[in-house]
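What follows is one structure encoded as structure tokens, with my remarks underneath.
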Ligand code: PLP
């Protein structure tokens, strides 16, 4: 029985249409992925009915005996997966995880270092409209003008100058491996704590494709829905000595009741990420990104930093006389979803920047490999080089629809679990 379709056909139709969009097109937004049906089923379960303010064994509500087990399993799995001393699995999202860490170790007005939003950082790393930029005194570091790699001389200099209480590492649009040991060294030198926001590459850490921040950082935050392939949510890992304050600043500091259905879905995702199949996924994710990057570069498209080490790349589309906004729209017309993105030292504006960000997490989940990446790279180049040729875009669209038929998304025909 499809209860939703019967009771609320309007909403059902939006979900069904989205399911078709996800199956028929190439999802190349670097922060998106497809969860397993098991994750979706946990997220759509009766646990959504339960209030469970507090933590396992110390709740403010009765009837928590089963969700206590759920949350304890999620905590133990998160710790095991990443080799962390402690974990808080309650943050509703990555932004909440970051905010709770800030409240745990900073006072309003304290000095913090974070990566510039325009050079790959995230809103929660000090953007002036975000709570991080409104409460704390963030100073931005950036990348080197020539090679687009993190500029550690600048980071060390800013750290000596501003004596931050916290250094934030991690990025939303940085195509290279992040050397956490170098951040730890600088934080150590100036007596700052280190927080690593591995939201984008958590799945690469879990699968052994990226060095882990856990041994180096006081706090590690992440989303669980990007390369980690879980439900939309957040997670904090930390050293034992920080757990009490982290817990207090998630609940009651910034949140009320945890979303227990999502906590359950996170537990399922953590177990999946410990399997040999997920190790293979991580490997393919990176080799796919490399194959795509090489295809684009050999067609003459410049990539920020000259390539990628991880799951994403930034293409400078101004080389083709385009802006990011138009490039995004052209690819959308072909059935390829990406997002426009600033590139380092961009002279254009955020609403029409010089670049697009492309990622391989979702297509790799569908089982596509390097052969498909080469084909897709060819289409991207062809479409962007002929940005006003609508009939070409339509013919690419048809080829993509055919390709997609051979790579069903994990949910198959299921719009809901
Ligand atoms: N941190 C980084 C590095 C991110 O890229 C993102 C999301 O894009 C977040 C945090 C925030 O995650 P959420 O959208 O779940 O709040």
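None of the figures in this text is laboratory data; all of them are computed from the coordinates on show. Since we're looking at a predicted model, the values are computed, not measured. Cβ placement follows ideal geometry from the backbone for every residue including glycine, while neighbour counts extend to all protein chains displayed.
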In whole angstrom, the spacing between the Cα centers of segment 116-139 and segment 200-262 equals 19
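Which FRET efficiency value, to the nearest 0.05, is calculated for residue 277 and residue 147 with the Förster distance at 51 angstrom and r the Cβ-Cβ distance? Spell out each step's value before the answer.
Working: r = 35 Å, r/R0 = 0.69.
Rounded to the nearest 0.05, the efficiency is 0.90.
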Could you check what % of the DSSP bridge pairs in the chain are antiparallel, to the nearest 5?
55
Could you order the peptides 407-415, 126-134, 317-325 from most to least packed, using the average number of other C-beta atoms within 10 Å per residue?
317-325, 126-134, 407-415
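Can you tell me the length gained on complete extension of the stretch residue 399 to residue 188, counting 0.36 nm per residue apart and subtracting the Cα distance? Present the calculation step by step, with values, prior to reporting the outcome.
Values: separation 211, 0.36 × 211 = 75.96 nm, distance 5.34 nm.
Working it through step by step, the gained length comes to 70.6 nm.
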Can you give the calculated 222 nm mean residue ellipticity of the chain, where each DSSP H run of n ≥ 4 adds -39,500 (n - 2.57) and the sum is split over every residue, rounded to the nearest 500 deg cm²/dmol?
-13500 deg cm²/dmol
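Relative contact order for segment 273-417: what is it in percent, counting Cα pairs under 8 Å that are at least 6 residues apart?
On the way: 209 pairs, mean separation 36.5, N = 145.
25 percent.
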Between the alpha-carbon centers of segment 52-102 and segment 335-375, tell me the distance in whole angstrom.
33
Looking at the square roots a ≥ b ≥ c of the eigenvalues of the Cα gyration tensor of segment 304-380, which shape do they give, rounded for a/c under 1.5, prolate if a/b is larger than b/c, or oblate?
prolate
Send over the semi-axes of the chain's equivalent ellipsoid, whole angstrom and largest first, taken as the square roots of 5 times the C-alpha gyration tensor eigenvalues.
34, 30, 18
Run the quick spin-label model on residue 248 and residue 347: label points 7 Å from Cα toward the beta carbon, then report their separation in nm to one decimal.
5.2
